[in-house]
1. When the residues of segment 70-99 are filtered to those that are touching a residue at least 12 places away in the same chain (Cβ under 8 Å) and of a type in the set (Gly, Ala, Ser), which remaining residue is farthest from Gly174 (Cα to Cα)?
2. Identify, from the list Arg209, Arg183, the residue that is among the basic types (Lys, Arg), modelled with pLDDT under 95 and exposed (fewer than 14 other Cβ atoms within 10 Å of the Cβ).
3. Does Asp204 count as modelled with pLDDT under 95, among the acidic types (Asp, Glu) and surrounded by 20 or more Cβ atoms within 10 Å (Cβ to Cβ)?
4. For the list (1) modelled with pLDDT of 95 or more; (2) crowded, with 18+ Cβ neighbours inside 10 Å, I need the number of the one condition that Val162 fails.
5. Would you mind stating whether Val234 is of a type in the set (A, V, I, L, M), surrounded by 23 or more Cβ atoms within 10 Å (Cβ to Cβ) and either at pLDDT 90 or above or in contact with a helix residue (DSSP H, G or I) (Cβ under 8 Å, 6 or more places away or on another chain) (or both)?
6. Can you tell me which residues in segment 69-92 are under 17 Å from Phe156 (Cα atoms), buried (at least 17 other Cβ atoms within 10 Å of the Cβ) and not polar (S, T, N, Q)?
7. Do you know which residues across segment 33-66 are under 24 Å from Met238 (Cβ atoms), surrounded by 13 or more Cβ atoms within 10 Å (Cβ to Cβ) and free of Cβ contacts under 8 Å to residues at least 60 places away in the same chain?
8. Restricting attention to helices (runs of 4 or more DSSP H) lying wholly within segment 17-117, give those where 2 or more residues are among the charged types (D, E, K, R).
Amino acid sequence: MSLSDLINALFLGLIEGLTEFIPVSSTGHLLLAQQVMGLTDESWSTFTVMIQLGAILAVVVLYFQRLWAVFITLPKRAESRRFALSVLIACAPAFIVGALLHDFIKSYLFDSPQLICWTLIIGGIVLLVIDKRAPAPVEHDAMALPLSKALLIGLFQLLSIVPGVSRSGSTIVGSMLIGVDKRAAAEFSFFLAIPIMVGAFVLDFWESRDALTSDSLAIIAVGFVASFVFGLIVVRYMLDFVQKRGFAPFGWWRIIVGAAGLALIHFG
């Protein structure tokens with residue numbers, strides 16, 4: 001393990017923490033950064049998935065009281081059971097499709113920087129349109145969404161299987177299209193991230209267990225901590241930012257990054 005590896009891990013962890021919960025595609029940003037930095041071997045692909053758990057831990061920390069209240073009242077409160085069920089229903093499509101197509105996604109889709117750049121641009125345009133023209137919201141509580149709408153949001157989440165689409169972006173856009181307000185859409189996306197990213201972490205850890213060494217685990221730990229710290233910052237302030245400015249700034253950012261990536265690929 002070299003100093004450059006640790007610096008790379010810290011930088012990628014920073015990117016993960018800053019981008020996991022905003023609709024700009026953390027995976028897309030990480031993969032483009034790895035291409036630019038020359039980190040293209042399999043170990044860094046595993047690193048990308050496993051450090052996401054650090055960012056997810058930030059959600060658990062900040063929402064611990066609300067999530068714990070749901071957990072301890074599951075036997076007694078119908079509202080708690082409905083919220084837990086809504087998260088499970090929304091996550092089910094991604095669990096099923098992710099398990100079936102995991103190897104294909106990792107082997108083929110992750111190796112296409114051009115695809116990532118185009119999905120960043122297209123997703124940015126979609127965000128700009130939806131931010132202005134979404135239907136008037138009728139759902140304002142992320143913990144009390146109808147189960148039918150939770151399932152629809154879960155189906156929208158399937159779009160994020162394509163790198164660059166963004167898991168949070170697809171769920172937020174889907175939520176707004178079916179009448180969920182911006183803050184509740186972002187919060188429900190936070191909640192969905194917990195089981196989805198834990199599942200991805202466990203799957204990648206199991207498949208890579210024989211290749212993990214003390215050095216690679218140390219590098220993952222650095223990225224994990226960095227993604228947790230910066231994820232904590234983003235989750236703490238994102239909801240207020242979204243309420244004041246909407247999602248348009250993220251749409252423009254996607255377009256800029258995607259266009260810059262295409263220019264670098266073709267002219268760099």
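The values are calculated or read from the model by the stated rules, or taken from the named source; none is laboratory data. All values derive from a computational prediction rather than experimental measurement. Quick reminder, even Gly has a Cβ in these numbers, built from the backbone with ideal geometry, and neighbours come from all protein chains shown.
1. Once the filter is applied, the top-ranked residue is Ala99.
2. Going through Arg209, Arg183 in turn, the sole match is Arg209.
3. When the stated conditions are applied, Asp204 passes them.
4. Condition not satisfied by Val162: (1).
5. Against the criterion (of a type in the set (A, V, I, L, M), surrounded by 23 or more Cβ atoms within 10 Å (Cβ to Cβ) and either at pLDDT 90 or above or in contact with a helix residue (DSSP H, G or I) (Cβ under 8 Å, 6 or more places away or on another chain) (or both)), Val234 does not qualify.
6. Within segment 69-92, Val87, Ile89, Ala90, Cys91 qualify.
7. Ala33, Thr48
8. 78-107
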